[in-house]
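Student: One structure is given below, represented as structure tokens, and several questions about it will come after.
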Amino acid sequence: MLVMLCCDKYNLKCLSRRCQICKNKVIPYNEFSNDQEIEYYEWGRDKKKVGQKEINITKKFKRTTQIRNLILKREDSLPKFFSHTANIINQYQTITELKKSLNDYETLVHMDFSENYSYRFAKEVQSLHFGGSRGQLVNALDTIHQQWGLIYRKHSSLYLKKSPNITTDSPSSQYRNKYIFYIMTQLQNVFSSLKSVTWNYQEVGHGKGTPDGVGAVVKRTADYQVKC
Ligand SMILES: [Zn+2]
């Protein structure tokens with residue numbers, strides 16, 4: 001769709017619909033009869049009970065509607081989709097630029113959080129009907145959750161560091177809170193030579209790249225061990 005609507009799907013000007021050449025491009029729809037209903041899938045939020053806890057999950061919903069409604073719905077969601085994509089491209093380009101321009105005194109730490117691990121287990125454990133020991137098991141497995149970071153220095157190949165375990169109810173919110181900004185202001189007390197820190201967030205579910213891959217291997221390995 002982006003290829004159809006933009007001169008260049010990696011160009012921020014096109015993605016923010018400020019490009020004079022492509023900003024008025026529209027999706028060409030074929031002629032259709034609106035009498036018929038159409039089925040489609042949509043991601044949405046749902047709640048699910050795991051043990052005593054109720055958790056929020058993202059789930060694919062099957063829906064039925066008239067074609068025209070679906071087209072209107074899609075057109076409605078386009079601006080949001082464009083800005084989401086523009087954010088991804090912008091963040092990715094910024095981080096690539098930062099990596100390339102590191103000087104001798106700079107370090108880039110690329111971090112990810114693995115938020116699905118304990119949930120995947122909770123689901124598996126539940127399906128096996130562990131009964132009374134279930135809660136305990138889920139808690140024990142929560143601690144498997146770890147943070148992985150990749151450290152980039154000028155001239156040096158990247159290496160891997162495992163950061164300390166931090167266990168919370170919602171792993172994904174660990175870095176998305178006000179405390180992290182407070183901690184940043186205090187870093188200089190520990191590292192007196194520290195001159196400046198910047199924090200670049202990335203869009204949910206995108207652009208995590210290398211740490212994501214590391215996280216996936218860790219998860220698969222842990223899954224395999226537990227199944228054994
Ligand atoms: Zn354009």
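Nothing in this text is a laboratory measurement; each read-out follows from the coordinates by a stated rule. Computed from a predicted model, the values in this text were never measured in an experiment.
Student: Over 27 Å between Cα atoms: which of 154/195; 9/80; 60/100; 13/154 fall into that group?
Tutor: Checking Cα-Cα distances, 60/100; 13/154 exceed 27 Å.
Student: Give a residue-ordered list of calculated ³J(HN,Hα) values for the range 23-30 (Karplus: 6.51 cos²θ - 1.76 cosθ + 1.60, θ = phi - 60°; whole Hz; x for Gly, Pro).
Tutor: Taking θ as phi minus 60°, the curve returns 5, 9, 5, 10, 6, x, 9, 6 Hz for the range 23-30.
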